[in-house]
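K.L.:
Okay, handing you the structure first.
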There are 2 protein chains.
Amino acid sequence: MATFIAHVNVMLRPVINDPQGLAVKDGLHSLGFEGVSTVRVGKRVDITVDADSAATAETQVREMCRQLLANPVIEDFEITVAEVTAA
Amino acid sequence: MATFIAHVNVMLRPVINDPQGLAVKDGLHSLGFEGVSTVRVGKRVDITVDADSAATAETQVREMCRQLLANPVIEDFEITVAEVTAA
């Protein structure tokens, strides 16, 4: 059994309107950042989990996304898993 | 002038209490994911920006974080920049 850290990005699907992102874009324009064309705002979730292997950890985290972390109707998620090495 | 996509992760500093992360951890335990030991929840912001180079884009996005996207008192941020290639 080892410890893994999973980084999960949960973003609204590209076809879904993102009012928070639009508000941030307007704010950046007001601050003078005129080169900004699009902004999308989502969630970042870091999960520390014990598992037998990185593959098992990723499978577990994928199930967590399906059941709790993401809304599959409007959101996509991506997962990266790394082993936590003792200092 | 080229177009770059910047991925920004804004997370509460490790010493800052994260009630949202604790709530998610409790929810995952309730769902049977007993192997989860810590959960931290933050923001993920994807910004499309026009700039002369990747370094310029990153400098601009770092300034956006300082001025709007992150609260430097309680949050850390990390930035990755990639050029958007035309299809």
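Derivation of every value follows stated rules applied to the coordinates shown; laboratory data play no part. All values reported here derive from a predicted model rather than from experimental measurement. We place every Cβ from the backbone using ideal geometry, glycine too, and count neighbours over all the protein chains shown.
K.L.:
Based on Cα positions only, what radius of gyration and what Dmax would you give for the stretch B:2-83, in angstroms?
P.N.:
Both quantities, over Cα of the stretch B:2-83: 16.0, 50 Å.
K.L.:
On a 0 to 90 degree scale, rounded to 10, what angle separates helix B:19-30 from the longest Cα axis of chain B?
P.N.:
For B:19-30 against chain B, the angle is about 50 degrees.
K.L.:
Angle check, please: helix B:54-64 long axis (alpha carbons) against the longest principal axis of chain B (alpha carbons), in degrees 0 to 90, nearest 10.
P.N.:
In chain B, helix B:54-64 runs at an angle near 50 degrees to the longest axis.
K.L.:
If you take every residue apart from A:R44 with its C-beta less than 9 Å away from the C-beta of A:R44, what net charge results, scoring Lys and Arg +1 and Asp and Glu -1?
P.N.:
+3
K.L.:
What's the FRET efficiency of B:S37 with A:I74 using the Cβ-Cβ distance as r and R₀ = 35 Å, to the nearest 0.05?
P.N.:
In this case the efficiency is close to 0.75.
K.L.:
While we're here: When only alpha-carbon atoms are used, what values of Rg and Dmax, in angstrom, describe the protein assembly as shown?
P.N.:
Just the Cα atoms of the protein assembly as shown yield Rg and Dmax of 17.2, 51 Å.
K.L.:
Let me ask another. Whole Å is fine, so just give me how far the alpha carbon centre of the stretch A:26-71 lies from that of the stretch B:10-30.
P.N.:
14 Å
K.L.:
While we're here: Give the long-range amide H neighbours of A:G42: residues separated by 5 or more places, or on another chain, with amide H under 5 Å away, using H modelled in the peptide plane at 1.01 Å from N.
P.N.:
B:R44, B:V45, B:D46
K.L.:
Scan chain A for the residue whose Cβ is closest to the axis carrying it onto chain B, then write down that distance in whole angstrom.
P.N.:
A:R44, 2
K.L.:
Distances from B:E34 to the same position in the other copies: list them in nm, one decimal, shortest first, using label points 7 Å from Cα along Cα→Cβ.
P.N.:
Ordered by increasing distance: 6.1 nm.
K.L.:
To one decimal in nm, how far is A:A23 from the same spot in the other copies, if labels go 7 Å from Cα toward Cβ? Please give the shortest first.
P.N.:
With the label placed 7 Å along Cα→Cβ, A:A23 yields 1.7 nm.
K.L.:
State, to one decimal in nm and shortest first, how far the label point of B:D52 sits from each corresponding label point in the other identical copies (label point: 7 angstrom along Cα-to-Cβ).
P.N.:
Ordered by increasing distance: 5.6 nm.
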